[in-house]
Amino acid sequence: MITQALITQAVAIAEKRAKRPGASVYSGRAITMIERSLYAAKSSNWLIIISGFVEPVLYLMAFGFGIGQLIGDIQDGSGNPVSYAAYIAPALLATSAMNGALYDATWNVFFKMHFSKVYQVMLSSSLGPMDVALGEISWALIRGATYSVGFMAIAWPLGLVTSAWGLLAIPAATLIAFGFASIGMAITSYMKNFQQMNWVNFFLLPMFLFSGTFFPVSVYPEWIQVIVKALPLCQGVDLVRSLMLGIIDISVLGHIAYFVVMIVLGLSFTTVRLKALFMR
Amino acid sequence: MSKSVEREAVIRARSLTKKYKDFVAVDGIDFDVYRGESFGLLGPNGAGKSTTMKMITSVSQRTSGELTILGKEPNNQGPEIRAHLGVVPQKDMLDRELKVWENLVTYGRYFGLPRKWLKTKVEELLEFAQLTEKRNEKADDLSGGMQRRLAIARGLINEPEILLLDEPTTGLDPQARHILWDRLFRLKEQGVTLVLTTHYMDEAEQLCDRIIVMDKGKIMAEGSPAELIRKYSSKEVVELRFGTDKNEGVAKQLEGKSERIELLPDRILLYTDKGEALLTSILDSGLHPVTSLVRRSSLEDVFLRLTGRTLVD
């Protein structure tokens, strides 16, 4: 006698999905990873979360309004005068999106991969590796986007947004956060120990200081400009600055394309790496 | 209905092999697991038990051979297969940042189960795992036995047909082990197929209808615990300790006294059907062991016979 296999709800859900292409890596339930992150966030240290948001605000105060007093107005990309604070505010908005995204996508992901082993458990349910990648990256981007909204809430009343295009800085920051979260998680998946993780920080500080954040990249010799402009933060700074100062041209589309490529690459690499690490 | 009952194989492996570069973790094994039974993979660390479990869960791809789980192919039907399985990993791997009930709900959500349905299911499982009172504690704050029970409850959230347990009682105290065994018995009564790995012989004897003994990636023997003991050991065993430096010398004198004799670094084992009688005759012959013990033969003895090594070293 062969007993008919019992069709439980979980089985019915998985079988419905099974006919779709890519079903072995993606079940369409990345959202459940975000639900998990919400539960975890409730009990995490709020001080750490807030500190990530405060950092760029402190830079804005110290450099924008402090040193800005000494500098006076400077010229934006198209030759119009703009206060120094308004010049660096977009850069700091892009930076806060980056910081928020990377905080989760690097250190938190590293901890989960090597110590708490939550990904192994997720992959023993009917989730696929791409659900995990997309879920974690989305959570990181939510954090990045939240930081940039918070920053905007301070920058706007201070009159640092000089164009109505500035509203689009929020979706732009979300795109930037998505890009950094994707690449950040992909890179983290190759890291084996804390020393290697520290290299990430070692790379981030100079990128923050020299990506056209506090002064235009035109001060560099030509060949250095080429390198700096290829860096993701520089692309992000240019994008947000164009929008907040209302200097809209074709380069905006170029920046967007840059981040789309970054997202696609990061997401694919992360999926492949999760498979290689936990499903070998 | 005819009396001959054809058993349905829920897991079927033929020449199943897993290699990591040059290392062969699982070396061409054949086995079937039938619906409703409790099936054990027994062997020391590194025998290939966990690798076999991972291949069944389809989180590890086999190098060669055949493997089907409920007729499905793990290489490309992973999520579908896992929807039928409950997995209790070796080190629990609970979500330590979350509370007890959150662990259950989130894991249920990974399967796509609706929140409303999970609400009642979680209560039922908390009850089953005797964790109702601990529902709001962080998973990290539970005792070892409770964490293991939570891991089992989590593995049951999708109402699996097959529950895979990787060393379910390793590291638990005797009382916690017995509570756990009791819970596993109940699941078996409900018709859940259990597949478990263990390196504890008493656990295999307690829980398993059928076992395979693995060593270095190969199957050494297969059968029910009683069958294996009958086939590879004697009814009883006399254990003698004369002191580390004397055991070897005494063992030579004892040769021929029993069906088989094993010399271990710390003791001598004599295999016989009449333990007490043998012990009396040894004592009468003027030998004075520091300690002596007559016991029932166990799977430990089977393993020793098959591999020449003890199981937990």
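Give B:GLU203, B:GLU236 a once-over and let me know the one that is touching a Gly at 6+ places or on another chain (Cβ under 9 Å) and within 23 Å of B:LEU278 (Cα to Cα).
On the way: B:GLU203 fails: within 23 Å of B:LEU278 (Cα to Cα).
Matching residue, one of B:GLU203, B:GLU236: B:GLU236.
Considering B:GLU80, B:GLU66, which residue is surrounded by fewer than 15 Cβ atoms within 10 Å (Cβ to Cβ), within 27 Å of B:TYR20 (Cα to Cα) and in contact with a Lys or Arg (Cβ under 7 Å, 6 or more places away or on another chain)?
On the way: B:GLU80 fails: surrounded by fewer than 15 Cβ atoms within 10 Å (Cβ to Cβ).
Exactly one residue qualifies, and that residue is B:GLU66.
Looking at the range B:40-61 only, could you name the residues that are assigned to a loop (DSSP other than H, G, I, E, B) and within 11 Å of chain A (Cβ to nearest Cβ)?
Here is the first cut: in the range B:40-61, the ones assigned to a loop (DSSP other than H, G, I, E, B) are B:43-48, B:57-61.
B:THR57, B:SER58, B:VAL59, B:SER60, B:GLN61, listed by residue number.
Any chance the range A:177-184 includes a residue that's in a helix (DSSP H, G or I), out of contact with any Leu (no Cβ under 6 Å at 6 or more places or on another chain), crowded, with 18+ Cβ neighbours inside 10 Å and at pLDDT 95 or above? Show your work before the answer.
Step one: filter the range A:177-184 for residues in a helix (DSSP H, G or I), giving A:177-184.
Keeping just the survivors that are out of contact with any Leu (no Cβ under 6 Å at 6 or more places or on another chain) gives A:179, A:183.
Next, only the ones that are crowded, with 18+ Cβ neighbours inside 10 Å stay: A:179, A:183.
Filter again for at pLDDT 95 or above, leaving A:179, A:183.
Among the residues of the range A:177-184, at least one is in a helix (DSSP H, G or I), out of contact with any Leu (no Cβ under 6 Å at 6 or more places or on another chain), crowded, with 18+ Cβ neighbours inside 10 Å and at pLDDT 95 or above, which makes the answer yes.
Residue-by-condition table, conditions (1) more than 30 Å from B:ASN75 (Cα to Cα); (2) surrounded by 20 or more Cβ atoms within 10 Å (Cβ to Cβ); (3) without any contact (Cβ under 8 Å) to a residue 12 or more places away in the chain:
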residue: A:GLY212; (1), (2), (3): yes, yes, no
residue: A:VAL217; (1), (2), (3): yes, no, no
residue: A:TYR220; (1), (2), (3): yes, no, yes
residue: A:GLY266; (1), (2), (3): no, yes, no
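Can you name every residue in the range A:118-139 that is at the interface with chain B (Cβ under 7 Å from one of its Cβ atoms), among the hydroxyl-bearing types (Ser, Thr, Tyr) and more than 15 Å from B:GLN90 (Cα to Cα)? Don't jump to the end; show me each part of the working.
Of all residues in the range A:118-139, those at the interface with chain B (Cβ under 7 Å from one of its Cβ atoms) come to A:118, A:120-128.
Imposing the further condition that a residue be among the hydroxyl-bearing types (Ser, Thr, Tyr) reduces the set to A:124-126.
Selection gives A:SER125, A:SER126.
Conditions tested, residue by residue: (1) within 14 Å of another protein chain (Cβ to nearest Cβ); (2) among the β-branched types (Val, Ile, Thr).
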| residue | (1), (2) |
| --- | --- |
| A:LYS16 | yes, no |
| A:TYR26 | yes, no |
| A:GLU35 | yes, no |
| A:ILE48 | yes, yes |
| A:VAL54 | no, yes |
| A:ALA62 | no, no |
| A:ILE67 | no, yes |
| A:ILE74 | no, yes |
| A:ALA86 | no, no |
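Kindly evaluate B:LEU164 against the criterion of being under 22 Å from B:ALA9 (Cβ atoms), aliphatic (A, V, I, L, M) and either within 12 Å of chain A (Cβ to nearest Cβ) or assigned to a helix (DSSP H, G or I) (or both). Before you say what the answer is, go through the steps one by one.
Numbers: under 22 Å from B:ALA9 (Cβ atoms): yes; aliphatic (A, V, I, L, M): yes; either within 12 Å of chain A (Cβ to nearest Cβ) or assigned to a helix (DSSP H, G or I) (or both): yes.
For B:LEU164, the condition - under 22 Å from B:ALA9 (Cβ atoms), aliphatic (A, V, I, L, M) and either within 12 Å of chain A (Cβ to nearest Cβ) or assigned to a helix (DSSP H, G or I) (or both) - is met.
Tell me, please, whether a residue that is assigned to a helix (DSSP H, G or I) and in contact with a Gly (Cβ under 6 Å, 6 or more places away or on another chain) can be found in the range A:185-196. Spell out how you get there, then give the answer.
Residues of the range A:185-196 assigned to a helix (DSSP H, G or I): A:185-188, A:194-196.
Those still in the list that are in contact with a Gly (Cβ under 6 Å, 6 or more places away or on another chain) too: A:186.
Within the range A:185-196, one or more residues are assigned to a helix (DSSP H, G or I) and in contact with a Gly (Cβ under 6 Å, 6 or more places away or on another chain).
I'd like to check which helices (runs of 4 or more DSSP H) are fully inside the range B:65-145 and have at least 1 residues that are away from chain A (no Cβ under 11 Å). Even if it seems obvious, please write down each step before you answer.
Values: elements: B:78-84, B:100-110, B:115-128.
The helices (runs of 4 or more DSSP H) meeting that bar are B:100-110, B:115-128.
If we scan the range A:62-80, do we find a residue that is under 30 Å from B:GLU97 (Cβ atoms) and touching a helix residue (DSSP H, G or I) at 6+ places or on another chain (Cβ under 8 Å)?
We begin by selecting, within the range A:62-80, every residue under 30 Å from B:GLU97 (Cβ atoms); these are none.
Within the range A:62-80 (the criterion being under 30 Å from B:GLU97 (Cβ atoms) and touching a helix residue (DSSP H, G or I) at 6+ places or on another chain (Cβ under 8 Å)), the answer is no, since none of the residues qualifies.
The values are calculated or read from the model by the stated rules, or taken from the named source; none is laboratory data. Predicted, not measured: the structure shown is a model, and the values here were computed from it. FYI the Cβ positions are ideal-geometry reconstructions off the backbone, even for glycines, and counts take in every protein chain you see.
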